[in-house]
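The values are calculated or read from the model by the stated rules, or taken from the named source; none is laboratory data. None of the values given here were measured: they were computed from a predicted structure. Cβ placement follows ideal geometry from the backbone for every residue including glycine, while neighbour counts extend to all protein chains displayed. Surface areas here come from the heavy atoms of the whole protein model, side chains and all, with no ligands, DNA or RNA. Shrake-Rupley method; radii C 1.70, N 1.55, O 1.52, S 1.80 Å.
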Amino acid sequence: MTMRSWLFPLVLSLTLSACASTTQVQTTTPLDASAGWALAPLANHSETPLAGERAQGTLLTLLHRHGVMPLREVPRSGPVNPLALDNGADRQAALGWAQQQELAYVVTGAIDEWHYKTGLDGEPAVGISLQVRDANTGELLWSASGSRGGWGFTTLSGVSSDLMAELVDALPLAR
């Protein structure tokens, strides 16, 4: 066996494993894209301050691109504390606000991982979960989660945008 015959499979397997991605989606009946949606602040469970705020703008754009309208952002109850852990109070406040606004759905979620790995290349790594809840009952209607890593020359925002796009693409929307 020559060096060339085993080198290609080795390089190929390293290439495919470096951009590892996993996603899980719980599907449901179609959701009405025009019923009125609220986007709640994303909880930050990562060690990176303000990761939820960084991801929220991308998520807002992706939802609009998929025809989710009207889409309103849930206002924050106070200043952002980058060290605070989400205890479910933010989700309850978002559901209450959406009910007052007579919206049908609330998009919630969490950033579980958002950083550059340590090491020579410093590859980006992202983990995100998203949920859609009925604004009136709080019932979970759809959920998806995923994680993705990238190469040392890719950006954290690019990797997270790709992952969120994959998750939002799985959203069962009826128009």
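Summary of values
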item	result
Nearest-20 debye value, the range 101-164 charge dipole, Cβ charges on Lys, Arg, Asp, Glu	100
Amide H partners (placed H, <5 Å) of L173, local residues excluded	L31
For the range 105-175, accessible area per residue (1.4 Å probe, heavy atoms of protein chains only), Å²	42
Charge tally in the Cβ shell below 11 Å around P124, where Lys, Arg are +1 and Asp, Glu are -1, P124 excluded	-2
Carbon and sulfur %, accessible surface of the range 116-155 computed with the full protein complex present, 1.4 Å	52
